[in-house]
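S.K.: I have a structure here, written as structure tokens, and I will follow up with some questions on it.
What follows is calculated from the coordinates using simple rules that are stated; it is not laboratory data. Remember, it's a predicted structure, so these values are computed and weren't measured experimentally. Cβ coordinates were reconstructed from backbone atoms using ideal geometry, including for glycine residues, and neighbour counts include every protein chain displayed.
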Amino acid sequence: VFRESQRLKLDLEEILDIAIKSLLESGFYEWIQPTSEAVKLAFKLRKLGHRDNIDNLLYAASITNNMIFLTMNKNFKNFLLKEGYKVNNLMSHTQLLLKIK
């Protein structure tokens, strides 16, 4: 979104305020704290070669909390498959929308 807004020369400040308010106040999202188990799994993924620590933490938290991990990162999914990790909890936004309709 950030890169696209720069390309189109859009100021997203007002939209960003609305989006943040929606995230924090809607009650739709469940906020979680990563457990030590999740941090260890994220570190293991990093040691195996996946350099995006945010993806690693989000994936690990989704595994330890039995949650859906919303991602469009096919490279990460392929990395997980190659390393023998489950990916049935990974969904694209399109898959999620189809599931909730």
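S.K.: Which listed residue (N75, I32, L58) has the Cα farthest towards the positive end of the charge dipole for the stretch 7-101, taking +1 on Lys and Arg C-beta and -1 on Asp and Glu C-beta about the Cα centre?
M.R.: So the residue furthest toward the plus end is N75.
S.K.: A follow-up question, please. Could you work out how much longer the chain between W31 and N75 gets when fully extended? Use 0.36 nm per residue separation minus the Cα distance between them, nm to one decimal.
M.R.: So the chain would gain 13.2 nm between W31 and N75.
S.K.: Another question about this same structure. On a full-extension model of 0.36 nm per residue, what is the gain between L16 and K82, subtracting their alpha-carbon distance, rounded to one decimal in nm? Please list the in-between numbers first.
M.R.: Details: separation 66, 0.36 × 66 = 23.76 nm, distance 3.64 nm.
Between L16 and K82, full extension yields 20.1 nm more.
S.K.: So how far apart, in nm, are the two label points at M67 and N53 if each is 7 Å from Cα heading toward Cβ?
M.R.: In this crude spin-label approximation the distance works out to 2.0 nm.
S.K.: Normalise the Cα radius of gyration of the stretch 36-100 by 2.2 N^0.38 Å (N = residues in it) and let me know the number.
M.R.: Compared with the compact-globule rule of thumb, the stretch 36-100 sits at 1.06.
S.K.: What order do you get for 59-67, 20-28, 47-55 when each peptide is scored by the mean count of other beta carbon atoms within 10 Å, highest first?
M.R.: 59-67, 47-55, 20-28
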